[in-house]
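Notes to accompany the following structure.
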Amino acid sequence: MSDELDILVIGAGACGLAAAIAAHDAGASVAVIEKQERPGGNSSLSTGSVPAAGSRFQREAGIADEPARMVADLMAIAGGETDDRALVERLAAVSAETVEWLVDTVEAKLSLITAYKHIGHSVPRLHAPVSRRGQDLVDDLVAAAERRGIPIAVGNGARALIVENGIVCGALVEAAGETVEIRAGKTILALNGFAANPDLVRRFCPEIAGAEYFGARGSTGEAVLWGEELGAALANMAAYQGYAAVAYPQGSLLSWTTVEKGGIIVGDDARRFGDESLGYSGYAREVLGRGGRAYAVFDQNIFDIAAAEEEFMELWNYGGLKRGDTAGEIAQPFGLDPQVLAEEIAQRNQAAAGTAPDSHGRRDFGLGLLTPPYYIGRVVPGLFHTQGGLRVDADARVLRPAGAPVPNLFAGGGAAAGISGRAGALGYASGNGLLSAIALGRLAALAAARELGSTP
Ligand SMILES: Cc1cc2nc3c(=O)[nH]c(=O)nc-3n(C[C@H](O)[C@H](O)[C@H](O)COP(=O)(O)OP(=O)(O)OC[C@H]3O[C@@H](n4cnc5c(N)ncnc54)[C@H](O)[C@@H]3O)c2cc1C
């Protein structure tokens, strides 16, 4: 790897790979360093869903959408609270060109999801691999980087930034037991957030500190720590993405489609304990509040819809779900009270039929009544990733509290401030993570190349 790069990208997830591809295509010399033994990070564990407002794929599907609508949706789910509304507006504005760039230039195989619209979006706007596996998106990004000859050095963790007279000039990198200096004109932090660093989670997101982290191990928060040393501003630090239904003990996702389409979640006492339509992220805290032991209950009609998702069927095929013709039959494997569970299903059905109000205020019961056969799976809450990070400008330059950029330093994805509100998990709309990663990575690279005077 050259030690005189135009642009050094730290982290080989979606943000770093997108940044590297865009930097190369803008005429800059670029290399990516990755701490782990393979690229992908959290991006490869995600469902690969990227939102875009006004994409040509939406137009082709007859869906009217525009950035202003997306901003309204994101601000609504965040309860109107964010440290950085300008970032929400910027990412919504570039979302369509970002997804079209992924398809046209990166050659990523994404298509618009029309079968459902996930939490936070008023129209279908998630674009994802058919498999709904982020690994496929990462594979497409890695292939695009390889076609361009961009070096991706795995097993090379950045230990510190090189800072001279307040100017960032690259990074000190651990490689094969040695520390190497990699100097670069611009440095892009694409190393995600701090969810794998329990101290930082306790400090910034205490409400989810008791939940297990289900993301990639590399998210240990160096961007925050280095940013603090440099006097950079942090924003939206208490925001995170949770997931209320990680299958236990399998550790895979029990698809939230099961709940959106009308399933319920009960605790150890076989009783529901809240309005599940808060969404998979927002409801994680409620499950954590029940000591983290809960069970998702749904029926055959819902199963048939979720069956389109590979990961769901894997869970079923590996025995992670139980089926029964009565509430008693599904209660038995988990030692739940059969009578209480039957009562809960009956009360939920009355609310769905409109003959009684729901005691938890839930209004949306998906497909309607739950009818036998029923399914059940044990779930625990998980922390997927943190949303807060370094405050950045419209071109992903890292900023100081007064608004001046830290010279030559950019950040995107989980390393940067997110667009999921100021605090907690309720403000996370599906796709916020990857949109910040890919859009900010690309914007950072384009701005960095422009500042360096690179030409394609
Ligand atoms: C199970 C799950 C499902 C999800 N589903 C979705 C979804 O469908 N849509 C969505 O938008 N978001 C989703 N998310 C969130 C999303 O995955 C992240 O927001 C996004 O991947 C962040 O991208 P990134 O490039 O910033 O980070 P990552 O993809 O994590 O990449 C960062 C990389 O930097 C490396 N790194 C860290 N520190 C260093 C260092 N010091 N030196 C060198 N390298 C370093 C890491 O090892 C990692 O490979 C999901 C997350 C999880 C866990």
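Readers should treat all values here as calculations from the given coordinates under stated rules, not as data from a laboratory. Predicted model only: the values in this text are computed from it and were never measured. Neighbour counts are summed over all protein chains in view; Cβ atoms, including those assigned to glycine, are modelled from backbone coordinates with ideal geometry.
Given Cα pairs under 8 Å that are at least 6 residues apart, what percent is the relative contact order of the chain?
Worked out over the chain, it gives 25 percent.
Whole number please: convex hull volume per residue of the Cα set in segment 114-183, in Å³?
Spelled out: Cα convex hull of segment 114-183, divided by residues, is 186 Å³.
On full extension of the chain, what length is gained from Asp104 through Gln300, given 0.36 nm per residue of separation minus the C-alpha to C-alpha distance?
That works out to 66.6 nm of additional length.
Subtracting the Cα-Cα distance from 0.36 nm times the residue separation, let me have the gained length for Ala175 to Arg293 in nm, one decimal.
Net length gain for the segment: 38.3 nm.
Taking R0 as 41 Å, what's the FRET efficiency between Asp325 and Ser359 from their Cβ-Cβ distance, rounded to 0.05?
Numbers: r = 26 Å, r/R0 = 0.64.
For R0 = 41 Å, the calculated efficiency reads 0.95.
From the gyration tensor of the Cα coordinates in segment 51-197, what semi-axes in whole Å does the equivalent ellipsoid have, largest first, with each one equal to sqrt(5λ)? Mind showing how you got there, number by number?
Details: eigenvalues 235, 88, 39 Å².
The three semi-axes for segment 51-197 are 34, 21, 14 Å.
Want the number for Ser122 to Ala404: 0.36 nm per residue separation, take away the alpha-carbon distance, what's left?
Extra length available between Ser122 and Ala404 comes to 97.9 nm.
Using the Kyte-Doolittle scale, which helices in the chain average at least 1.0 and also have C-alpha atoms spread 27 Å or more along the helix axis, with helices defined as whole DSSP H runs? Please report the intermediate quantities before stating the final value.
Details: long enough: 85-104 (29 Å, 0.50); 432-452 (29 Å, 1.06).
The qualifying helices are 432-452.
If you count, for each residue, the other Cβ atoms within 10 Å and average over each peptide, how do 174-183, 33-42 line up from highest to lowest?
Numbers: 174-183: 12.5, 33-42: 21.7.
Result, highest mean Cβ count within 10 Å first: 33-42, 174-183.
Looking at segment 188-272, what % of the alpha carbon pairs are farther apart than 16 Å? Could you put the intermediate results ahead of the total?
Details: 2269 of 3570 pairs.
More than 16 Å apart: 64 percent of the Cα pairs in segment 188-272.
Would you please state which residues of segment 247-281 a label at Gln339 would reach in this model, taking the label point 7 Å out along Cα→Cβ and a backbone N cut-off of under 15 Å?
270-271
Above 25 Å lies some portion of the pair distances; for segment 173-331, what is it as a whole percent of all C-alpha pairs?
45
Once Lys and Arg get +1 and Asp and Glu get -1 on their Cβ, which of Ala437, Gly289, Gly11 lies farthest toward the positive end of the dipole of the chain?
Selected residue: Gly289.
List the aspartates and glutamates whose Cα sits under 15 Å from the Cα of Lys186, skipping any in the same chain fewer than 8 residues away.
Of all the aspartates and glutamates, those that pass the test against Lys186 - Cα under 15 Å, at least 8 places apart if same chain - are Asp3, Glu4, Asp6, Glu164, Asp395, Glu451.
Going highest first, how would you order 398-405, 88-95 by mean Cβ packing within 10 Å? Write out the running numbers ahead of the final one.
Numbers: 398-405: 14.6, 88-95: 22.6.
Top to bottom by mean Cβ count within 10 Å: 88-95, 398-405.
Given labels modelled 7 Å from the Cα in the Cβ direction, how far is it in nm from Ala72 to Thr114?
2.3
If you place +1 on the Cβ of every Lys and Arg, -1 on the Cβ of every Asp and Glu, and leave all else neutral, what size is the dipole of segment 150-302 about its Cα centre, to the nearest 20 Debye?
160
Where does each of 19-29, 163-173 land if you order them by average Cβ count within 10 Å, highest first?
19-29, 163-173
What's the magnitude of the charge dipole for segment 241-383 around its Cα centre, counting Lys and Arg as +1 and Asp and Glu as -1 at the beta-carbon? Answer in Debye, nearest 20.
My answer is approximately 280 debye.
Taking the convex hull of the Cα atoms, report for the chain its projected area averaged over all directions, in nm².
Hull-based average projected area comes out at 20.9 nm².
Report the rotationally averaged projected area of segment 139-240 based on its alpha-carbon convex hull, in square nanometres.
8.4
At 4 °C and 1.567 mPa s, what whole-number value in µm²/s does Stokes-Einstein give for the translational diffusion of segment 323-456, with Rh from the Kirkwood sum over Cα pairs?
Here the translational diffusion coefficient equals 67 µm²/s.
Nearest 0.05, what FRET efficiency do Asn317 and Glu81 give at R0 = 51 Å with Cβ-Cβ as r?
Using R0 = 51 Å, I get an efficiency of 0.75.
Can you compute the FRET efficiency between Asn165 and Thr371 using 1/(1 + (r/R0)^6), with r the Cβ-Cβ distance and R0 = 56 Å? Round to the nearest 0.05. Let's see the in-between values first.
Numbers: r = 70 Å, r/R0 = 1.25.
So the FRET efficiency works out to roughly 0.20.
Please give the direction-averaged projected area of the C-alpha convex hull for segment 241-383, in square nanometres with one decimal.
The number I arrive at for segment 241-383 is 7.3 nm².
Return the whole-Å distance between the Cα centroid of segment 199-218 and the Cα centroid of segment 398-416.
Segment 199-218 and segment 398-416 have Cα centres spaced 23 Å from each other.
Work out the charge dipole of the chain with +1 on the Cβ of Lys and Arg and -1 on the Cβ of Asp and Glu about the Cα centre, then indicate which of Gly319, Cys205, Gly40 is farthest towards its positive end.
Value: Cys205.
Suppose every K and R has +1 on its Cβ and every D and E has -1 on its Cβ; what is the size of the dipole of segment 302-374 about the Cα centre, in Debye to the nearest 20?
Values: 5 positive and 12 negative charges, 52 e Å.
Here segment 302-374 has a charge dipole of around 260 debye.
Just from the alpha-carbon atoms, what are the Rg and Dmax of segment 337-379 in angstroms?
Rg then Dmax for segment 337-379, in Å: 10.8, 30.
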